[in-house]
Amino acid sequence: MMKRLLALPLSILCLSAPVLAQTVLYDAAGGQKVSQFGGWIVSPLASESFVASTTLFDTTLPDNSVKGGFSRFDQPLSRVAGFSLGFTMKLDSETHDGPNGPDRSGVSVIAITSDLMGIELGFWSDRIWAQSGPGFTKAEEGLFNTTAALTDYSLQVAGTNYQLLANGTPVVSGLLRNYSSFGAPYNLPNFLFFGDDTTSARGTFRTSRITLGGVAPEPSTIGLLALGGLLVVRRRRPRTNTL
């Protein structure tokens, strides 16, 4: 009986597995702003208002002098167990015209795991992209119209990988980073952030719901081995009968 080894890059691992039970971190259905919902630390520098059943955040002063958003670090974010950060969000505007503008965004989402691996995603009007690492330059990206409508995003993290889905469709994916050498807030375990974290850009966005859930593992595959950064599938060749 012969066996064949099929080596596949870890990056193709499906991170869009079913999401398990969710914890609601924010829900605008009750008529509350993020700052009124509890659990979040909200920057007083950004303008926060409740508009059309959403929380609207605005940091659009022309000189980029205002930055802010909302954050928390009270939820366990284990990349070993895997988790899915769900958020319904729409950009109203975003401008990155400051000194480091090509590598900055006025609207970002940050998720730092319990062991300080994580990802920062920048949202422009026509794409979503990842910060490279502690040097903070623009890395992998996916084209997507972030201004068209409220969109259900799902940031799924498992092992060393992340993937962002928009309305169930993958937009951008890659490896997690360790930004902690920069210092706060990237050295805070279990850190979540939504907003504008730079004076090189500004933006306005609205959100109506944020959830945190686990990610169900994919159905087990017999003989699945992870070796040397590759997913190795041990596949049996069908037996042939000889007379």
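The values are calculated or read from the model by the stated rules, or taken from the named source; none is laboratory data. All values derive from a computational prediction rather than experimental measurement. In case anyone asks, the SASA skips ligands and DNA or RNA and just uses the protein heavy atoms, side chains included. Shrake-Rupley method; radii C 1.70, N 1.55, O 1.52, S 1.80 Å.
Solvent-accessible area assigned to carbon and sulfur over region 94-141 amounts to 48 percent, based on a 1.4 Å probe. Note on region 120-172: percent of Cα-Cα distances in each 5 Å bin, starting at 0 and stopping at the bin with the largest distance, equals 5, 19, 31, 26, 13, 6, 1.
Using Cα centres only, tell me the gap between region 34-78 and region 110-189 in whole Å. Using only Cα atoms, the two centres lie 18 Å from each other. The H on the amide N of residue 124, modeled in the peptide plane, is under 5 Å from the matching H of 129, each at least 5 residues off or on a different chain.
Protein heavy-atom accessible surface, 1.4 Å probe, per residue over region 94-192: 37 Å². Size descriptors for region 77-199, from the alpha-carbon set: Rg then Dmax equal 13.4, 39 Å.
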